[in-house]
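Visitor: Quick one: the structure is below, and I'll ask about it shortly.
Coordinate-derived values only; no laboratory data. From a predicted model like this one, the values you see are computed outputs, not experimental measurements. Counting neighbours? That spans all protein chains shown, and the Cβs are built from the backbone with ideal geometry, glycine included.
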Amino acid sequence: MFKIKVIDTLIGMCIGATLFFPFVGALNKPPSPYTDVEYEVSRNDIGYVINARFTKTACVFSDLDVLGTSLGYTRPMYWYDVQGEKGDREVGRHEFKLQVATNDTLSSIKVVTQHTCSGELVENVFLREDL
């Protein structure tokens, strides 16, 4: 009888751990400054154009970097917001159009942002596109 209770207890502990640990992982996940990201990357005579749409959360924007990879080397790219820099935006749905100026043919392009979410600095990859 004692063996059965030990086995039942161990099985219960395994089931509990299986259900509990994914929940803890979700709690420890850093907040996301945006959701529902959609984008297109296209080439033009200046370099590349990034059209993006996203839903901004309550985080406060601080920086955006565009990184380009060519011949295995990744470097910061010169870019500007075609619609004029907006800085931090209100919570809700937004879009932007970035022009990345380069004569190089890139193999990939990545947009990385920094936000402050609940007092914590969060750096996220907004988009990454293999070209």
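Visitor: Would you kindly compute the Cα radius of gyration of the stretch 89-131 and its largest Cα-Cα separation (Dmax), both in Å?
Guide: 13.7, 40
Visitor: When only C-alpha pairs under 8 Å and at least 6 residues apart count, what is the relative contact order of the stretch 34-130, in percent?
Guide: After rounding, I find 32 percent.
Visitor: Rg over Rh of the stretch 56-111, using C-alpha atoms and the Kirkwood radius, what does it come to? Intermediate results must be reported in sequence, preceding the final value.
Guide: Values: Rg = 13.3 Å, Rh = 12.8 Å.
Answer for the stretch 56-111: 1.04.
Visitor: I'd like the per residue volume of the convex hull spanned by the Cα atoms of the stretch 34-130, given in cubic angstrom.
Guide: Numbers: hull volume 8.7 nm³, N = 97.
Considering the Cα atoms of the stretch 34-130, their hull volume per residue is 90 Å³.
Visitor: Could you work out the local net charge near THR74, counting Lys and Arg as +1, Asp and Glu as -1, over the other residues with Cβ closer than 15 Å to its Cβ? Display every interim value, and only then the final one.
Guide: Details: positive: ARG75, LYS110, ARG128; negative: ASP65, ASP104, GLU129, ASP130.
After counting each charged neighbour, the total is -1.
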